[in-house]
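A quick write-up on the structure given underneath.
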Amino acid sequence: MQNLTEEILKATKEALDDISSCSDIQSLRKISSVYKGKESKLYKILTEISKLQGDEKKFIGSCINESKEKIDNVLLQKEQELKISEYEKEESEYLDITLNKEDKKLGSTHPVTQMIQKIVDVFSLYGFSHVTDREIETDWFCFQALNMDVDHPAREMQDTFYIEENHILPRTHTSSVQIRTMIKAKPPIRIISAGRVYRNENQDARHSFMFYQYEGLIIDNNISIADLKSILTQALRKIFENDKIDLRLRHSYFPYTEPSFEIDATCMLCQGKGCKVCDFKGWLELLGAGMVHPQVLRNVKIDPKKYQGFAFGGGPERLIMIKNEINDTRLFYENDLRFLSQLKKL
Ligand code: DAH
């Protein structure tokens, strides 16, 4: 019996020494299976117990249980210690990718995109639905259907880059969307569209080979110039966030409208008194508009005796330039963040 208790003590000490010198969870698991498994010394002693009698058997049995319990407790404690130290190690090595958050600047949509969104939102208040269409057009949709036949001199105002075959060209204005819409939809029609247009222009402060336009169209019964003036006045007041703006319609010429107008707004920088921006006129030229020409309606199979309408078109850049007193369109396309991030008033 003396021998057995000594063996139990020895086996227990061995196990406890191994556990305490263990430095990672994986080797602890191995040690645990060695000391708890059937190959362990304690298990072997347990098998000898059957040879003992009465009190002796009881005593050795309880010694083994006590030893197993001790080993289990120490294993559990060691496991917790190792888990904590591994967690602490992982945490100290953890790479926090959110660091230096202050240095990263958030991007934003381009001012022209923001202005187009504003135009679309404002006109939607008056029942205009937003439509988009292709930038590569045919000669018919861009010119002929808009009353500009092949030799029409008005084409000279909008020279473009022709692709000889199939009469395909990059659209010179968004007015082609009017034709695309009227061919598909029946009146009443109320649409607003915006996008890129292309012209064969020399680059200077006021001209660019690519720029943006917005285009509006209403076709319905009993539409008059009064409707044109009233809707555009209300919409432009909302876009400029200025209720004092009035509109002035100046006679102009577009082959696809009759009568045609150049629309001027009260200069919002001097409230119509006259300043450098409005050339001391008190008015700023904003967009072109007019009553849709009966021939255009006939071209898209709408009866001009039953339906009338008005159309308008202009550049979103012009609206931003007025609000921010900018005098060079090229700045919009140079992608200089110092310029783009200054444009707060849209
Ligand atoms: N398409 C014209 C341009 O590019 C703008 C315009 C004028 C559009 C009169 C219209 C309109 O719809 O009725 O200069």
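The values are calculated or read from the model by the stated rules, or taken from the named source; none is laboratory data. Keep in mind the model is a prediction, meaning the values are calculated, not measured. As a convention, Cβ positions derive from the backbone with ideal geometry for all residues, glycine included, and neighbour counts pool all protein chains shown. SASA here: full protein model, heavy atoms, side chains in, ligands and nucleic acids out. Shrake-Rupley method; radii C 1.70, N 1.55, O 1.52, S 1.80 Å.
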Options Ala11, Ala289, Tyr333, ranked by Cα towards positive dipole end of the chain, top entry (Cβ charges): Ala289
Surface share of carbon and sulfur [accessible, 1.4 angstrom probe, percent] for the range 26-67: 54 percent
Cα-Cα over 25 Å, subset of Lys186/Lys238; Lys244/Lys306; Lys44/Lys70; Lys118/Lys186: Lys186/Lys238; Lys244/Lys306; Lys118/Lys186
Partnerless Cys - the chain, beta-carbon criterion under 4.7 Å: Cys22, Cys63, Cys142
Share of carbon and sulfur in the accessible heavy-atom surface of the range 111-340 [1.4 Å probe, %]: 50 percent
Chymotrypsin sites (Phe, Trp or Tyr not before Pro) lying in DSSP loop within the range 242-346, provided at most 13 other Cβ fall within 10 Å: Phe280
Mean separation of Cα contacts under 8 Å, 6 or more apart, over the residue count of the range 136-209: relative contact order %: 32 percent
Using a Förster distance of 56 Å, the FRET efficiency for Lys38-Tyr94 (Cβ separation, nearest 0.05): 0.85
The range 2-93 - accessible surface per residue (Å², probe 1.4 Å): 74 Å²
The range 2-93 - percent relative contact order, Cα under 8 Å, separation 6 or more: 39 percent
Per DSSP, loop trypsin sites (Lys or Arg not before Pro) in the range 240-346 with at most 16 further Cβ within 10 Å: Lys244, Lys273, Lys276, Lys281, Lys301, Lys305, Lys306, Lys344, Lys345
Length gained when the stretch Asp220-Glu69 is fully extended (0.36 nm per residue, less Cα-Cα span): 45.1 nm
Residue among Asp328, Asp159, Asp96 with the largest mean-square fluctuation in a Gaussian network model of the chain, springs linking Cα atoms under 10 Å: Asp96
For the range 271-276, Karplus couplings with θ = phi - 60° (6.51, -1.76, 1.60), whole Hz, Gly/Pro x: 6, x, 6, x, 8, 4
The chain: relative contact order as a whole-number percent, Cα under 8 Å and 6+ apart: 14 percent
Distant-in-sequence amide H partners of Ser129 (H built 1.01 Å from N, under 5 Å): Arg190, Ile191, Ile192
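May I ask you to derive the FRET efficiency for His110 and His152 from their Cβ-Cβ distance with R0 = 41 Å, giving the value to the nearest 0.05?
Result of the calculation: an efficiency of 0.75.
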Formal net charge of residues neighbouring Val34 (Cβ-Cβ distance under 12 Å; K, R +1; D, E -1): +2
Amide proton proximity set for Tyr253, modelled H, under 5 Å, gap of 5+: none
Charge dipole of the range 111-340 about the Cα centre (unit charges at C-beta), most positive-ward option of Thr113, Ile191, Phe141: Ile191
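Need the full-extension length gain, Asp303 to Arg250, defined as separation in residues times 0.36 nm minus the C-alpha distance. One decimal, nm.
Result for the pair: 16.3 nm of gain on full extension.
For the range 111-340, with every protein chain kept in place, what is the accessible area per residue (1.4 Å probe, Å²)?
Values: 11440 Å² over 230 residues.
For the range 111-340, the per-residue accessible area is 50 Å².
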Loop-located GluC sites (Glu not before Pro) in the range 148-241, at most 14 other Cβ atoms within 10 Å (DSSP): Glu164, Glu241
Two-site FRET efficiency, Ile136 against Lys184, from Cβ-Cβ distance with R₀ of 22 Å, rounded to 0.05: 0.75
Area accessible to solvent at Tyr198, 1.4 Å probe radius, in Å²: 50 Å²
Cα centroid of the range 211-230 to Cα centroid of the range 85-137, whole Å: 33 Å
Under the Karplus curve 6.51 cos²θ - 1.76 cosθ + 1.60, θ = phi - 60°, whole-Hz ³J(HN,Hα) for the range 73-86, x wherever Gly or Pro sits: 4, 5, 4, 4, 4, 5, 4, 5, 4, 5, 4, 4, 6, 5
From phi via Karplus (6.51, -1.76, 1.60), per-residue ³J(HN,Hα) for the range 294-304 in Hz, x at Gly/Pro: x, 5, 5, 5, 4, 4, 10, 6, 10, 7, x
